[in-house]
Each structure stands twice: as C-alpha cells, then as structure tokens.
Amino acid sequence: MRVVVDFDLCESNALCMKAAPEVFEVRDDDFLYVLQENPPEELRPKVEEAVRRCPKQAITLED
Amino acid sequence: MIGDEPHLPYDRPPLSKQVLAGAWEPERIALTPVGRAIDDLALDWRLGVAARSLDLGARKLELSDGSTAGFDGLVIATGARARTLPRQPDLEGIHVLRTLDDCLALRRAFDATPSRVVVVGAGFIGAEVAATARERGFDVTLLEALAVPLQRVLGDTVGALCADIHRDHGVDVRLSTGVSGFVDDGRGQVAGVVLSDGATLPADVVVVGVGVVPNVEWLAGSGLTVDNGVVCDETCLAAPGVVAAGDVACWYNPRLGEAMRVEHWENAQDQGAHAARRLLDARDPYAPVPWFWSDQYDRKIQLAGRSGPGDEVAIVDGSLADRRFVALYGRAGKLVGVLGMNRPRPVMQYRALIANGASWAEALAFAG
C-alpha cells in the first residue's frame, strides 16, 4: 500500500502519529513526516486507523 | 440508521470554519467509511425522522413520522442540540450553530455583509465563529459571561490569553458580560443586544454559542437512567442490547475514575465504534484520554485529558507571548491535562503520559 498525505489539508493534529507511530511522525518543527511511504502489510490496520482518525481527512491509501 | 436531520452523516467541525467561511461546500464534509462507499454498508436510512419514545420491553422505537422500528440491538447516538439563552426571542438574525442547516443559514447572513456580528459565548464554537467572521472582515464583538473564556477548563492564565488572541485580530472582546435582552427592529429582525452592564450594542447578526443540551427527552419513561445524558457502564452499555455513544452518552471512564459526557469529535468517532463492538459482545472498557482541537485564526489549540477548576497550571514549553506553548494541568499529584497552542508533538507525548498515569513530578521531569 502507498500512504499519501495531502499537505494542504494536514494541520499536524498528530492523531496519525498516535495511531501508527511507525509510519507518521510530527516532529518538533510541527511538520508531519511520513516515515514509510510503503509500509508493510501487517501495518495496514494501524494505517487505516490513522486514515480514519485524521480530523482533516488528509491521508489516503493507494493500493 | 435513524436521524432527525435530512442529511446523510457529515463532519461537524468544518461548520464553524471552512464551510462557514465559504471555502468548502457541504459535499466536502460528507462522512464515508475508509476504503468503501457508504452504499456498501447497505443501511436502511430513515432521515429527517426523530425518535419519539423507546419501549425497552417490546424492543421498539416510536418515530416522529408515526412509524415504529423494532430492534434487537440499539445504539443511542442522538447527540445534543444548541442551548439558547433564557427568553431568547424568535427574531431573524439570531442564530445558533450545530447543524449543517444552521451553518448555511448563518453563511447566508454573512454573505449579506452584516454591519456587526455579535457572538454570545466564548467557548470553542463561539470563538471559532468569531474568528471566521473576523477573517471575513466583519466587525465582531465576542461576549463572555465569565471573567475568562472557558475558565473552568483552561484556567485564568490560558483563558485570558485566548481572549487576547481575539483582540490581536481586532475582535471587540467583552468579558464578564452577558446578554439580558435583544432589540427588535419592529419587523421581526434583530437590531441589537442589551448587555448585562446596561449598554445596548447594535447588531444585525447574533450567534448564540452557549453550549449544548443532550437530546434525552425522548427517553423519558423508557426505563433507561438519564442523568447528564444516557447513563452507561464502562463498556458503554445502558441496558441489555442498548448502548450509547457520543455527545449523549454519560459513561464511566475507568482510566479517569469518573463518569463523564464528552462533546468532542474524536470521542464521537471512537465511542461509536466501541459501542457497536459492545453490541457484538466485546466486553473491554472504553477508557480514553479525551482529546480535542480548536482552530482559531492561525492558532491550533489542542487539549487532552480532563482539566478542572483549581488545577495547578505550569507553562512548560514555549511562551504565552509567542502564542506557542504547552500548559500542563495537575491535580492531587497527577498530570490530568495538557493544552498546546501550535505544539502538536508535545501534546501527543503528554497525552500518552496522562494515559499511563504519570505523576505531576514525572510530567515536569519530562518537560526538563
């Protein structure tokens, strides 16, 4: 799967980081960094949770 | 799926921001499940229909269109409605903001270029409406009955700062000021508000943002316990086969050791899912650290935990002057809350500390 973040929508609420810290990190500069754009399949449930939790619906998953 | 609004489910936070500002149209806020179309859920939708009563014994609901709906599992998620002021008159130009229809009516009022917008209540909805109105270039007055906005939740220092941020942007903020009446222009349109200090403020748009009331009246006589919402146990169960979730649910949160009703977006989402799993017999408790956010101008306020009056407050990161900081809230030797203004990363970190039961000393040590 491929993780795509719309950075025009992202406002660094950091809920994605809470749901899938292996994939999403909001750093001290307040910006979101996608640590793995193509995370392994076993992370799918966490990544889908991050997609659901984003208050701005800024994350999409492409297969 | 029974809903009193005529719309399919939609996201409420943009109603005080992007949709009200005119940046987004309603289609943009439709809620869809992740990776599927909403039609894939094959739901029987009863929209624009309210539940009127519940017969627990017969496992049946009576609806406002005269029909009934039988069930073996019931999720009560009837939410809350906007509170109005005592003796609030039915005048054109006085608005509340809870639903999409409220938002579009207010947006139409904004599109008519009001000469002054008065927002009553500097809670998060009132504050966001004031910010959106100000960013559209209107003269805005923000009234708050308390000495400090959200005093019980933010404390005096952070609360006062929130008022100052509105002043930074040219909003006329009046603290310790309530509304004692409205001025009618004689043709059913609001012309002003009468303040508690006796002054009259001309206004052609008034937005009343003084909180919400849980929609529980329909449950009178049902046998369910109603006390600040539908009372549930720690798994969100209100009665056999009946769960509640979201703004209407008052459940026992074992992580915080108290019964609570939470009006936050994230809770509606998480508790809804948890309640559904409870109906499917999952027995784990619902024990979140509540979290929410508010966007006002270019400031993002995030609050996690459960702060209250009398909590110790420590500014541990950044500064109030920079409008970028982290404030910690402590009670009885424990970290109970964290507020961040444009500091998302530490808020998530302190949220985890709260979840793990960190002491006040541990929290301050983490702050370094």
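The values are calculated or read from the model by the stated rules, or taken from the named source; none is laboratory data. All of these numbers come straight from a predicted model, not from anything done at the bench. FYI the Cβ positions are ideal-geometry reconstructions off the backbone, even for glycines, and counts take in every protein chain you see.
Can you find a residue that is surrounded by 15 or more Cβ atoms within 10 Å (Cβ to Cβ), part of a helix (DSSP H, G or I) and more than 10 Å from every other protein chain (Cβ to nearest Cβ) anywhere in the range A:22-36?
No, the range A:22-36 contains no residue that is surrounded by 15 or more Cβ atoms within 10 Å (Cβ to Cβ), part of a helix (DSSP H, G or I) and more than 10 Å from every other protein chain (Cβ to nearest Cβ).
Name the residue, out of B:Gly305, B:Gly340, B:Gly330, B:Gly272, that is at positive phi and either within 14 Å of chain A (Cβ to nearest Cβ) or touching a strand residue (DSSP E or B) at 6+ places or on another chain (Cβ under 8 Å) (or both). Write out each step before concluding.
Numbers: B:Gly340 fails: at positive phi; B:Gly330 fails: at positive phi; B:Gly272 fails: at positive phi.
Just a single option satisfies the conditions, and that option is B:Gly305.
Among B:Leu104, B:Leu85, which is the only one that is assigned to a loop (DSSP other than H, G, I, E, B), farther than 30 Å from A:Val4 by Cβ and hydrophobic (A, V, I, L, M, F, W, C)? Steps first, please.
On the way: B:Leu104 fails: assigned to a loop (DSSP other than H, G, I, E, B).
Among B:Leu104, B:Leu85, only B:Leu85 is assigned to a loop (DSSP other than H, G, I, E, B), farther than 30 Å from A:Val4 by Cβ and hydrophobic (A, V, I, L, M, F, W, C).
From B:Phe325, B:Phe366, B:Phe292, which residue is among the aromatic types (Phe, Trp, Tyr) and within 21 Å of the chain's Cα centre (by Cα)? Before the answer, list the steps.
Details: B:Phe325 fails: within 21 Å of the chain's Cα centre (by Cα); B:Phe366 fails: within 21 Å of the chain's Cα centre (by Cα).
B:Phe292 is the lone residue from the list that is among the aromatic types (Phe, Trp, Tyr) and within 21 Å of the chain's Cα centre (by Cα).
Take B:Ala361 and decide whether it is surrounded by 18 or more Cβ atoms within 10 Å (Cβ to Cβ), outside any strand (DSSP E or B) and either within 14 Å of chain A (Cβ to nearest Cβ) or among the small types (Gly, Ala, Ser) (or both). Steps first, answer last, please.
On the way: surrounded by 18 or more Cβ atoms within 10 Å (Cβ to Cβ): no; outside any strand (DSSP E or B): yes; either within 14 Å of chain A (Cβ to nearest Cβ) or among the small types (Gly, Ala, Ser) (or both): yes.
No; evaluated as a whole, the condition is false for this residue.
What is the residue count in the range B:196-248 for residues that are in contact (Cβ under 8 Å) with a residue 60 or more places away in the chain and either more than 22 Å from B:Glu62 (Cβ to Cβ) or in contact with a His (Cβ under 6 Å, 6 or more places away or on another chain) (or both)?
Residues that pass the stated criteria total 13.
Only residues that are within 15 Å of the chain's Cα centre (by Cα) and not charged (D, E, K, R): list them for the range B:121-148, please.
Quick first cut of the range B:121-148, residues within 15 Å of the chain's Cα centre (by Cα) only: B:121-129.
B:Gly121, B:Ala122, B:Gly123, B:Phe124, B:Ile125, B:Gly126, B:Ala127, B:Val129, listed by residue number.
Find all pairs meeting these conditions: Cβ atoms under 6 angstrom apart; at least six residues apart or on different chains; first residue within the range B:139-160 and in a helix (DSSP H, G or I); second residue surrounded by 23 or more Cβ atoms within 10 Å (Cβ to Cβ) and of a type in the set (Gly, Ala, Ser).
Here the result reads B:Val153/B:Ser307; B:Val158/B:Ala327, each pair linking the range B:139-160 to a residue that is surrounded by 23 or more Cβ atoms within 10 Å (Cβ to Cβ) and of a type in the set (Gly, Ala, Ser).
Would you please name the residue that is nearest to the other protein chains (Cβ to nearest Cβ), looking only at residues in the range B:29-44 that are in contact with an Asp or Glu (Cβ under 9 Å, 6 or more places away or on another chain) and either among the β-branched types (Val, Ile, Thr) or surrounded by 12 or more Cβ atoms within 10 Å (Cβ to Cβ) (or both)?
Initially, the range B:29-44 is screened for residues in contact with an Asp or Glu (Cβ under 9 Å, 6 or more places away or on another chain), giving B:29-31, B:33-35.
Filter again for either among the β-branched types (Val, Ile, Thr) or surrounded by 12 or more Cβ atoms within 10 Å (Cβ to Cβ) (or both), leaving B:29-31, B:34-35.
On the way: B:Ile29: 9, B:Ala30: 10, B:Leu31: 9, B:Val34: 5, B:Gly35: 7 Å.
Per the criteria, the residue is B:Val34.
Tally time: how many residues in the range A:49-63 are under 10 Å from A:Val3 (Cα atoms) and acidic (Asp, Glu)? Can you show your working first?
Applying the first criterion (under 10 Å from A:Val3 (Cα atoms)) to the range A:49-63 yields A:51, A:59-63.
Narrowing the set further to residues that are acidic (Asp, Glu) leaves A:62-63.
Residues in the range A:49-63 being under 10 Å from A:Val3 (Cα atoms) and acidic (Asp, Glu): 2 in total.
Report the residue count in the range A:37-55 for those that are more than 9 Å from every other protein chain (Cβ to nearest Cβ) and not aliphatic (A, V, I, L, M). Give the derivation first.
Going through the range A:37-55, the residues more than 9 Å from every other protein chain (Cβ to nearest Cβ) turn out to be A:37-47, A:50, A:54.
Next cut, not aliphatic (A, V, I, L, M) only: A:37-42, A:44-46, A:54.
The qualifying residues number 10.
The rows are residues; the columns are (1) buried (at least 18 other Cβ atoms within 10 Å of the Cβ); (2) without any contact (Cβ under 8 Å) to a residue 40 or more places away in the chain; (3) of a type outside the set (Lys, Arg); (4) not assigned by TED's automatic domain parsing to the domain that holds B:Trp360.
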| residue | (1), (2), (3), (4) |
| --- | --- |
| B:Asp311 | yes, no, yes, no |
| B:Ser319 | no, yes, yes, no |
| B:Asp322 | no, yes, yes, no |
| B:Ala327 | yes, no, yes, no |
| B:Leu335 | yes, yes, yes, no |
| B:Pro344 | yes, no, yes, no |
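Scan the range B:131-139 and tell me whether some residue there is among the aliphatic types (A, V, I, L, M) and farther than 16 Å from B:Pro14 by Cβ.
Taking the range B:131-139 as the starting set, the residues that turn out to be among the aliphatic types (A, V, I, L, M) are B:131, B:133.
With farther than 16 Å from B:Pro14 by Cβ added as a condition, the list becomes none.
Within the range B:131-139, not a single residue is among the aliphatic types (A, V, I, L, M) and farther than 16 Å from B:Pro14 by Cβ.
Scan the range B:63-80 residue by residue and report those that are touching a residue at least 60 places away in the same chain (Cβ under 8 Å) and either exposed (fewer than 12 other Cβ atoms within 10 Å of the Cβ) or polar (S, T, N, Q) (or both).
At the first step, the residues of the range B:63-80 found to be touching a residue at least 60 places away in the same chain (Cβ under 8 Å) are B:63-64, B:69, B:71-80.
Once the filter is applied, which keeps residues that are touching a residue at least 60 places away in the same chain (Cβ under 8 Å) and either exposed (fewer than 12 other Cβ atoms within 10 Å of the Cβ) or polar (S, T, N, Q) (or both), the range B:63-80 yields B:Ser64, B:Asp72, B:Thr78.
Which residues, taken from the range A:37-58, are in a loop (DSSP other than H, G, I, E, B) and either under 23 Å from B:Met341 (Cα atoms) or touching a Cys at 6+ places or on another chain (Cβ under 7 Å) (or both)?
Filtering the range A:37-58 for residues in a loop (DSSP other than H, G, I, E, B) gives A:37-40, A:54-58.
The answer is A:Cys54, A:Pro55, A:Lys56, A:Gln57, A:Ala58.
Considering every residue within the range B:284-292, establish whether at least one is under 30 Å from B:Gly155 (Cα atoms), assigned to a strand (DSSP E or B) and at pLDDT below 95.
Our first condition is that a residue be under 30 Å from B:Gly155 (Cα atoms); within the range B:284-292, this holds for B:286-292.
From the residues that got through so far, the ones that are assigned to a strand (DSSP E or B) too are B:291-292.
Narrowing the set further to residues that are at pLDDT below 95 leaves B:292.
Within the range B:284-292, one or more residues are under 30 Å from B:Gly155 (Cα atoms), assigned to a strand (DSSP E or B) and at pLDDT below 95.
Output the number of the condition that A:Glu37 fails; it satisfies all remaining conditions of (1) under 22 Å from B:Phe292 (Cβ atoms); (2) modelled with pLDDT of 95 or more.
A:Glu37 satisfies all of (1) under 22 Å from B:Phe292 (Cβ atoms); (2) modelled with pLDDT of 95 or more except (1).
May I ask you to verify whether B:Asp298 is surrounded by fewer than 21 Cβ atoms within 10 Å (Cβ to Cβ) and more than 14 Å from chain A (Cβ to nearest Cβ)? Give the steps one after another, and end with the answer.
On the way: surrounded by fewer than 21 Cβ atoms within 10 Å (Cβ to Cβ): yes; more than 14 Å from chain A (Cβ to nearest Cβ): no.
No: the conditions fail for B:Asp298.
Considering only the range B:141-151, I want to know if a residue exists there that is crowded, with 16+ Cβ neighbours inside 10 Å and either among the acidic types (Asp, Glu) or outside the structural domain of B:Leu97 (by TED's automatic domain parsing) (or both).
yes
Answer yes if at least one residue in the range B:51-71 is under 30 Å from B:Val117 (Cα atoms), in a strand (DSSP E or B) and of a type outside the set (A, V, I, L, M), and no otherwise. Show your work before the answer.
Let us first name the residues in the range B:51-71 that are under 30 Å from B:Val117 (Cα atoms), namely none.
Checked the range B:51-71: no residue is under 30 Å from B:Val117 (Cα atoms), in a strand (DSSP E or B) and of a type outside the set (A, V, I, L, M).
Sort out which residues of the range B:293-314 are in a loop (DSSP other than H, G, I, E, B) and closer than 25 Å to B:Trp360 by Cα, and write them in order of number. Show your work before the answer.
To start, the set of residues in the range B:293-314 that are in a loop (DSSP other than H, G, I, E, B) comprises B:297-298, B:306-311.
Matches in the range B:293-314: B:Arg306, B:Ser307, B:Gly308, B:Pro309, B:Gly310, B:Asp311.
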